[in-house]
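Participant: Take a look at this one; I'll ask things after.
The values are calculated or read from the model by the stated rules, or taken from the named source; none is laboratory data. Here the structure is a predicted model, which is why all the values come from computation and not from measurement. FYI the Cβ positions are ideal-geometry reconstructions off the backbone, even for glycines, and counts take in every protein chain you see. All accessible areas refer to the heavy atoms of the entire protein, side chains included, with ligands and DNA or RNA removed. Shrake-Rupley method; radii C 1.70, N 1.55, O 1.52, S 1.80 Å.
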Amino acid sequence: MREIHYDEARVPRYTLPDALRFADGSPVDGAAGWRRRRAEILDLFASHVYGRTPAAASSPVSWETVEEGGAPDGVARRRQVRITFAGAGGVLGLDLLLYVPAGAGPSHPVPVFLGLNFGGNHTVDADPAIRLPTSWVGGPGAGEAHRATEEGRGRAAGAWPVRALLARGYGLATMYCGDAEPDHAEGFAAGIRGLVAPDSAPAPADAWGALGAWAWALSRGVDALQEQPEVDATRIAGMGVSRLGKAALWAGAQDERFALVISACSGCGGAALSRREFGETVARINAAFPHWFCPAFRRYNDREADLPVDQHMLLALVAPRPVYVASAEEDRWADPRGEFLAALGADPVYRLLGTDGLGAAEMPPVERPVRTTIGHHIRRGGHGITAYDWDRFMDFGDRHLGQPAGGR
Ligand code: GCU
């Protein structure tokens, strides 16, 4: 496996596949041509990178409100919805936690940020009414039993500024990624992938991976949000950080119901260009996380130049809907420059579709956000998500989804 490095001088010369040329070399002409090229690119990502989302996974899905109440501090309403998928291999439940501002209702539906969380909905806020996940959990405090405990309440609150979102008129919806698939190499058996194809060993080259399963969960979240009278389902922003940012981009690429898509520090297999081979590489991610991508993606270990796509094309699949790429200066593993260059690489598609694309030709200085239809910032600090990131995401939402009434 090629050595990991952080040296611009060692970035190879590369040519990105042209998003605006069909596989046969002919140029894409206008918006109608892009629709056909879009289908081609989507298929390339499904065949070579993330795997195909099986049609059997889209239904039957049902929803049930399992808990409702006023929270937090009386400025909002909380609702917990159990999303149930019944497949050949059994039943899977996803718990969606929704907060909306107290004034939201059928005559005043609000835009919502929807994102998966890493440790369970109860980690997002100390609110004691949040249900603990019953699925496998990893990370600190999970213990050998891998079960969520009371101690985990609010542990990830720093990554989820619930009150700030509500104060600006937004709703927040979140689900635990592990409900859809526990994040470890054998997790598929307990998740949607195992449920849809219980006996499909060995997996075909284009079998979906965990990132596909998490993207699927985000779309099931949209299904459920469409049923909530306080939610404006035409203004749902799909978001995620790191591995869940990769999943958010893949979800937004496939599912055009996401009005806006945001990734933070998503790096390799997310917003960063694979061909730069800077920081985390294809070979390294496939070795460390063999369950994330489809088996075919391994063909590109140390052979990034052979990929029929690169990640600028993933961002382009969101076009003309607004997409935001957030990076962090010290997060070199995720290759911030490669993330910016992917945003730049998506620009011609956004412009073809009549938007203002990315309003920067060079990588902007730290904390100078770009708010065109392709949004971007690089903030100070390391990997993760901060209040600074969220403030910029809300600014971007105000600009592109329309500032929520009741917001400042
Ligand atoms: C690891 C992994 C990254 C991923 C990150 C995260 O660092 O190599 O690809 O984005 O975890 O999810 O935090």
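Participant: Within the range 226-241, identify whether any single residue is over 25 Å from residue 110 (Cβ atoms), open to solvent by 10 Å² or more (accessible area, probe 1.4 Å) and not aliphatic (A, V, I, L, M), and answer yes or no. Even if it seems obvious, please write down each step before you answer.
Facilitator: Going residue by residue through the range 226-241, those that are over 25 Å from residue 110 (Cβ atoms) are none.
There is no residue in the range 226-241 that is over 25 Å from residue 110 (Cβ atoms), open to solvent by 10 Å² or more (accessible area, probe 1.4 Å) and not aliphatic (A, V, I, L, M).
Participant: Restricting attention to the range 303-335, which residues are part of a helix (DSSP H, G or I) and under 17 Å from the mean Cα position of the chain (by Cα)?
Facilitator: The answer is 311, 312, 313, 314, 315, 316, 334.
Participant: Further question on the same structure: Would you point out which residue out of 149, 84 is more than 16 Å from the ligand (Cβ to nearest atom), closer than 19 Å to residue 220 by Cα and without any contact (Cβ under 8 Å) to a residue 60 or more places away in the chain? Lay out the reasoning, then the answer.
Facilitator: Numbers: 149 fails: closer than 19 Å to residue 220 by Cα.
Testing whether each residue is more than 16 Å from the ligand (Cβ to nearest atom), closer than 19 Å to residue 220 by Cα and without any contact (Cβ under 8 Å) to a residue 60 or more places away in the chain leaves just 84.
Participant: For the range 329-377, which residues satisfy the criterion of being hydrophobic (A, V, I, L, M, F, W, C), within 16 Å of the ligand (Cβ to nearest atom) and in contact with a Ser or Thr (Cβ under 8 Å, 6 or more places away or on another chain)? Give the steps one after another, and end with the answer.
Facilitator: Here is the first cut: in the range 329-377, the residues hydrophobic (A, V, I, L, M, F, W, C) are 333-334, 340-344, 346, 349, 352-353, 358, 360-361, 363, 366, 370, 374.
From the residues that got through so far, the ones that are within 16 Å of the ligand (Cβ to nearest atom) too are 333-334, 342.
Within the range 329-377, 334 is the sole residue that qualifies.
Participant: Has the range 70-78 got at least one residue that is within 19 Å of residue 223 (Cβ to Cβ), crowded, with 16+ Cβ neighbours inside 10 Å and of a type in the set (D, E, K, R)?
Facilitator: We begin by selecting, within the range 70-78, every residue within 19 Å of residue 223 (Cβ to Cβ); these are none.
No, the range 70-78 contains no residue that is within 19 Å of residue 223 (Cβ to Cβ), crowded, with 16+ Cβ neighbours inside 10 Å and of a type in the set (D, E, K, R).
Participant: Filter the range 322-352 down to residues that are closer than 13 Å to residue 376 by Cα and of a type in the set (Phe, Trp, Tyr) and give me whichever is surrounded by the most Cβ atoms within 10 Å (Cβ to Cβ).
Facilitator: Within the range 322-352, the match that is surrounded by the most Cβ atoms within 10 Å (Cβ to Cβ) is 324.
Participant: Considering only the range 214-249, state which residues are part of a strand (DSSP E or B) and more than 16 Å from the ligand (Cβ to nearest atom).
Facilitator: Our first condition is that a residue be part of a strand (DSSP E or B); within the range 214-249, this holds for 231-241.
The answer is 231, 232, 233, 234, 235, 236, 237, 238.
Participant: Quick one: which residue in 288, 305 is surrounded by fewer than 18 Cβ atoms within 10 Å (Cβ to Cβ), within 11 Å of the ligand (Cβ to nearest atom), at negative phi and modelled with pLDDT of 95 or more? Please lay out each step first, then the result.
Facilitator: Working: 305 fails: within 11 Å of the ligand (Cβ to nearest atom).
Unique residue meeting the criteria: 288.
Participant: Only one residue in 159, 104 is under 23 Å from residue 398 (Cβ atoms), within 20 Å of the chain's Cα centre (by Cα) and open to solvent by less than 50 Å² (accessible area, probe 1.4 Å), so which one is that? Before you say what the answer is, go through the steps one by one.
Facilitator: On the way: 104 fails: within 20 Å of the chain's Cα centre (by Cα).
Testing whether each residue is under 23 Å from residue 398 (Cβ atoms), within 20 Å of the chain's Cα centre (by Cα) and open to solvent by less than 50 Å² (accessible area, probe 1.4 Å) leaves just 159.
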